[in-house]
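Shown next, in C-alpha coordinates, is the structure this report addresses.
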Amino acid sequence: MRVILRSDVDNVGKKGDVCDVAAGFARNFLVPNGLAMRATDGAMAQAQSMRRARDVKDAKDRESAEVVARRLVPAVIRISAKAGTEGRLFGSVTAAEVVAAVEAQTGIALDRRQLHLGEPIKTLGNHEVPVKLHADVQFVVVLEVVPESR
(Lines give C-alpha, C1' and ligand atoms only; values in the text may rest on other atoms or scores of the structure.)
Protein backbone atom coordinates (compact mmCIF):
# COMPACT_ATOMS: atom_id res chain seq x y z
CA MET A 1 0.00 0.00 0.00
CA ARG A 2 1.31 3.47 -0.88
CA VAL A 3 1.23 5.98 1.97
CA ILE A 4 2.53 9.48 2.58
CA LEU A 5 4.28 9.89 5.91
CA ARG A 6 3.06 12.75 8.11
CA SER A 7 6.03 12.48 10.45
CA ASP A 8 9.38 10.69 10.62
CA VAL A 9 9.04 6.94 11.19
CA ASP A 10 12.11 4.85 12.02
CA ASN A 11 13.09 2.32 9.33
CA VAL A 12 10.33 3.61 7.02
CA GLY A 13 11.05 7.20 5.99
CA LYS A 14 10.83 10.89 6.77
CA LYS A 15 7.94 13.34 6.80
CA GLY A 16 6.54 13.84 3.31
CA ASP A 17 8.02 10.66 1.80
CA VAL A 18 5.83 8.41 -0.33
CA CYS A 19 6.46 4.83 0.77
CA ASP A 20 5.22 1.36 -0.06
CA VAL A 21 4.41 -0.49 3.15
CA ALA A 22 2.48 -3.61 4.06
CA ALA A 23 -1.27 -3.02 4.02
CA GLY A 24 -1.67 -4.27 7.59
CA PHE A 25 1.12 -2.01 8.87
CA ALA A 26 -0.54 1.01 7.25
CA ARG A 27 -4.09 0.08 8.28
CA ASN A 28 -3.31 -0.98 11.87
CA PHE A 29 -0.44 1.30 12.88
CA LEU A 30 0.50 4.19 10.61
CA VAL A 31 -2.92 5.61 9.74
CA PRO A 32 -4.62 5.21 13.18
CA ASN A 33 -1.65 6.87 14.92
CA GLY A 34 -1.65 9.78 12.48
CA LEU A 35 1.80 8.91 11.16
CA ALA A 36 0.68 8.44 7.54
CA MET A 37 -2.18 8.91 5.10
CA ARG A 38 -3.18 7.02 2.00
CA ALA A 39 -1.38 8.26 -1.13
CA THR A 40 -3.97 9.80 -3.44
CA ASP A 41 -3.44 12.30 -6.27
CA GLY A 42 -4.44 15.27 -4.10
CA ALA A 43 -2.31 14.04 -1.22
CA MET A 44 0.75 13.78 -3.48
CA ALA A 45 0.78 17.59 -3.93
CA GLN A 46 0.52 17.98 -0.16
CA ALA A 47 3.42 15.55 0.29
CA GLN A 48 5.56 17.63 -2.03
CA SER A 49 4.95 20.75 0.10
CA MET A 50 5.79 18.74 3.25
CA ARG A 51 9.09 17.66 1.67
CA ARG A 52 9.94 21.27 0.75
CA ALA A 53 9.22 22.42 4.31
CA ARG A 54 11.33 19.55 5.66
CA ASP A 55 14.25 20.48 3.39
CA VAL A 56 14.14 24.13 4.47
CA LYS A 57 14.06 23.17 8.15
CA ASP A 58 16.87 20.66 7.64
CA ALA A 59 19.04 23.32 5.96
CA LYS A 60 18.47 25.72 8.88
CA ASP A 61 19.29 23.01 11.43
CA ARG A 62 22.47 22.07 9.55
CA GLU A 63 23.57 25.69 9.32
CA SER A 64 23.08 26.32 13.05
CA ALA A 65 24.90 23.05 13.86
CA GLU A 66 27.85 24.12 11.70
CA VAL A 67 28.04 27.47 13.54
CA VAL A 68 28.16 25.64 16.88
CA ALA A 69 30.80 23.23 15.54
CA ARG A 70 33.02 26.12 14.37
CA ARG A 71 32.95 27.56 17.89
CA LEU A 72 33.52 24.29 19.77
CA VAL A 73 36.21 22.60 17.66
CA PRO A 74 39.06 24.98 18.59
CA ALA A 75 37.97 25.20 22.25
CA VAL A 76 39.49 23.04 24.97
CA ILE A 77 36.97 22.36 27.73
CA ARG A 78 38.56 22.05 31.17
CA ILE A 79 36.96 19.99 33.94
CA SER A 80 38.47 19.59 37.39
CA ALA A 81 37.86 16.38 39.31
CA LYS A 82 39.17 14.68 42.44
CA ALA A 83 41.96 12.30 41.53
CA GLY A 84 44.48 10.01 43.15
CA THR A 85 48.25 10.23 42.78
CA GLU A 86 48.33 7.91 39.74
CA GLY A 87 45.92 10.01 37.69
CA ARG A 88 42.82 7.90 38.29
CA LEU A 89 39.68 9.79 39.22
CA PHE A 90 37.82 8.96 42.42
CA GLY A 91 34.57 9.19 40.48
CA SER A 92 34.12 9.73 36.78
CA VAL A 93 33.25 12.48 34.32
CA THR A 94 29.89 11.80 32.69
CA ALA A 95 28.20 13.25 29.63
CA ALA A 96 26.02 15.49 31.83
CA GLU A 97 29.13 17.02 33.44
CA VAL A 98 30.70 17.59 30.02
CA VAL A 99 27.54 19.36 28.82
CA ALA A 100 27.52 21.56 31.95
CA ALA A 101 31.19 22.45 31.46
CA VAL A 102 30.68 23.29 27.77
CA GLU A 103 27.79 25.59 28.63
CA ALA A 104 29.69 27.26 31.48
CA GLN A 105 32.86 27.85 29.44
CA THR A 106 31.46 28.65 25.99
CA GLY A 107 27.81 29.53 26.53
CA ILE A 108 26.70 26.80 24.09
CA ALA A 109 23.94 24.52 25.37
CA LEU A 110 24.22 20.93 24.18
CA ASP A 111 22.08 17.91 24.95
CA ARG A 112 23.87 15.04 26.66
CA ARG A 113 22.43 12.67 24.04
CA GLN A 114 24.39 14.55 21.36
CA LEU A 115 27.65 13.46 23.04
CA HIS A 116 28.78 9.98 22.12
CA LEU A 117 30.81 9.15 25.19
CA GLY A 118 31.26 5.38 25.17
CA GLU A 119 31.86 5.16 28.88
CA PRO A 120 32.51 7.74 31.60
CA ILE A 121 36.00 9.26 31.73
CA LYS A 122 38.02 7.91 34.66
CA THR A 123 41.53 9.32 34.11
CA LEU A 124 43.21 12.71 34.05
CA GLY A 125 44.49 14.20 30.81
CA ASN A 126 43.09 15.10 27.40
CA HIS A 127 40.15 13.16 26.01
CA GLU A 128 38.31 13.49 22.71
CA VAL A 129 34.53 13.44 22.94
CA PRO A 130 32.61 12.91 19.67
CA VAL A 131 29.57 15.17 19.21
CA LYS A 132 26.79 14.71 16.64
CA LEU A 133 24.56 17.77 16.30
CA HIS A 134 23.04 16.88 12.92
CA ALA A 135 23.16 13.92 10.56
CA ASP A 136 25.83 15.75 8.51
CA VAL A 137 27.58 17.67 11.33
CA GLN A 138 29.85 15.57 13.53
CA PHE A 139 32.99 16.78 15.30
CA VAL A 140 35.23 16.17 18.30
CA VAL A 141 35.43 18.31 21.45
CA VAL A 142 38.74 18.19 23.32
CA LEU A 143 38.20 17.73 27.04
CA GLU A 144 41.01 18.34 29.53
CA VAL A 145 40.47 16.67 32.90
CA VAL A 146 42.68 18.27 35.57
CA PRO A 147 43.09 17.43 39.26
CA GLU A 148 40.93 19.49 41.59
CA SER A 149 42.97 21.98 43.62
CA ARG A 150 42.61 21.54 47.34
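The values are calculated or read from the model by the stated rules, or taken from the named source; none is laboratory data. From a predicted model like this one, the values you see are computed outputs, not experimental measurements. With ideal geometry, Cβ positions are generated from the backbone for all residues, glycine too; neighbour counts draw on all protein chains shown. Remember, those area values only see protein heavy atoms, side chains included, never the ligands or the DNA or RNA. Shrake-Rupley method; radii C 1.70, N 1.55, O 1.52, S 1.80 Å.
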In whole Å, how far is the Cα centre of the range 109-150 from that of the range 18-59? 37 Å
Pull up the DSSP beta bridges for the chain and report the antiparallel fraction as a percent, rounded to 5. 75 percent
Residues of the range 113-150 with amide N under 20 Å of a point placed 7 Å along Cα→Cβ from THR85: 123-125, 146-150
Any idea how far apart GLN46 and ARG112 come out in nm if each label point goes 7 Å out from Cα toward Cβ? 4.0 nm
How large is log10 I(q)/I(0) at q = 0.09, 0.12, 0.18 Å⁻¹ when the Debye formula is applied to the Cα atoms of the chain, each weighted equally and without solvent? -0.47, -0.67, -0.96
Per residue accessible area in Å² of the chain, where ligands, DNA and RNA are left out and the probe is 1.4 Å: 64 Å²
What ranking do 80-89, 18-27, 98-107 get when scored by the average of other Cβ atoms within 10 Å per residue, highest first? 98-107, 18-27, 80-89
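Could you calculate the contour length gain from GLU148 to GLU103, that is, 0.36 nm times the residue separation minus the distance between their Cα atoms, to one decimal place in nm? Mind dumping the intermediate values first?
Numbers: separation 45, 0.36 × 45 = 16.20 nm, distance 1.94 nm.
Additional length available on full extension: 14.3 nm.
What's the extension gain from ASP8 to ASN33 if we count 0.36 nm per residue and subtract their Cα-Cα distance? Write down the numbers at each step before the final one.
On the way: separation 25, 0.36 × 25 = 9.00 nm, distance 1.24 nm.
Stretched fully, the ASP8-ASN33 segment lengthens by 7.8 nm.
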Choose one of ALA36, GLY87, GLY125: the residue whose Cα lies farthest towards the positive end of the charge dipole of the chain (beta-carbon charges +1 Lys, Arg; -1 Asp, Glu; about the Cα centre). ALA36
Cα long-axis angle, helix 41-72 against the chain (0 to 90 degrees, to the nearest 10): 10 degrees
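Assigning unit charges at the beta carbon (Lys, Arg +1; Asp, Glu -1) and nothing else, what dipole magnitude in debye, to the nearest 20, does the chain show about its Cα centre? Please list the in-between numbers first.
Working: 22 positive and 19 negative charges, 72 e Å.
About 340 debye.
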Computed over the chain: longest principal axis from alpha-carbon atoms vs helix 95-106 long axis, angle to nearest 10 degrees, is 80 degrees
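Just to verify a number: FRET efficiency for VAL56 and VAL76, C-beta to C-beta distance, R0 = 41 Å, to 0.05? All intermediate terms of the calculation are to be shown ahead of the outcome.
Numbers: r = 35 Å, r/R0 = 0.86.
Once the sixth-power term is evaluated, E becomes 0.70.
Per the Kirkwood treatment, what hydrodynamic radius in Å, one decimal, follows for the range 39-111 from the mean inverse distance over all distinct Cα pairs?
On the way: mean 1/r = 0.0622 Å⁻¹.
Radius from the Kirkwood sum: 16.1 Å.
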Along principal axes, Cα extents of the range 1-64, largest first, whole Å: 40, 25, 16
